[in-house]
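Engineer: Got a structure for you, written out below as structure tokens; questions coming shortly.
The values are calculated or read from the model by the stated rules, or taken from the named source; none is laboratory data. None of the values given here were measured: they were computed from a predicted structure. Cβ placement follows ideal geometry from the backbone for every residue including glycine, while neighbour counts extend to all protein chains displayed.
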Amino acid sequence: MTSQQLTFRNYLLSTLALMIFGWGGIVALFYFSLPLVWARWGFFVLGIMALTGTALPVVYFFNRRFPTEPPAGSNVIVRQALWVGVYASTLAWLQLGRLVTLYVILGLAGGLIAIEYFIRLREKANRNPPVVVDDNAS
């Protein structure tokens, strides 16, 4: 994290762009396309964009309200919002084929939470070995 405090103003442009293109694209997809393969892929991509943009303010609020050590930087906030977008879009994609069950919902959520936990654990373990200074070296 940089020396300056991150504010939501840093995320405002990306949040608005993701929400406008994502939700606008989904509305256009519903009105102007048939449910063919490319339209379904478009739905998945636009859904990730829309839900990531929608989740970004919420994730920012939670990371500021419940700070961690080390503090969550902008890459962590965007990554966590992206996890929300991927999770919800994947569930919506699976619902098109009637494949969503309670076990799929919980398993996918548990897997994504575990991935984020291990990534944060790796960031926290930023190991810097101690430097040994030998005064008797010639």
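Engineer: Just need a number here: residues in the stretch 72-106 that are surrounded by fewer than 12 Cβ atoms within 10 Å (Cβ to Cβ), among the hydroxyl-bearing types (S, T, Y) and part of a helix (DSSP H, G or I). Steps first, please.
Structural biologist: Let us first name the residues in the stretch 72-106 that are surrounded by fewer than 12 Cβ atoms within 10 Å (Cβ to Cβ), namely 75, 95, 97-99, 101-103, 106.
Now drop any that are not among the hydroxyl-bearing types (S, T, Y), which leaves 101, 103.
Now drop any that are not part of a helix (DSSP H, G or I), which leaves 103.
Residues flagged as surrounded by fewer than 12 Cβ atoms within 10 Å (Cβ to Cβ), among the hydroxyl-bearing types (S, T, Y) and part of a helix (DSSP H, G or I) within the stretch 72-106 amount to 1.
Engineer: Right, another one. Pick from the stretch 1-32 the residues that are within 17 Å of V59 (Cα to Cα) and part of a loop (DSSP other than H, G, I, E, B): which of them is modelled with the lowest pLDDT?
Structural biologist: M1
Engineer: Assess whether A125 counts as being modelled with pLDDT under 95 and under 25 Å from F43 (Cβ atoms).
Structural biologist: No: the conditions fail for A125.
Engineer: Taking the stretch 116-138 as the search range and keeping residues that are in a helix (DSSP H, G or I) and in contact (Cβ under 8 Å) with a residue 24 or more places away in the chain, which one is surrounded by the fewest Cβ atoms within 10 Å (Cβ to Cβ)?
Structural biologist: Just the residues of the stretch 116-138 that are in a helix (DSSP H, G or I), to begin with: 116-124.
Applying the additional criterion that residues be in contact (Cβ under 8 Å) with a residue 24 or more places away in the chain yields 116, 119-120, 123-124.
Details: E116: 14, I119: 14, R120: 16, E123: 14, K124: 11.
Ranking the qualifying residues of the stretch 116-138, first place goes to K124.
Engineer: I'd like the full set of residues that are assigned to a helix (DSSP H, G or I) and among the β-branched types (V, I, T), limited to the stretch 51-71. Quick ask: steps written out before the conclusion?
Structural biologist: Looking only at the stretch 51-71, we keep the residues that are assigned to a helix (DSSP H, G or I), and these are 51-65.
If the condition is that a residue be assigned to a helix (DSSP H, G or I) and among the β-branched types (V, I, T), then T52, T54, V58, V59 are the ones that fit.
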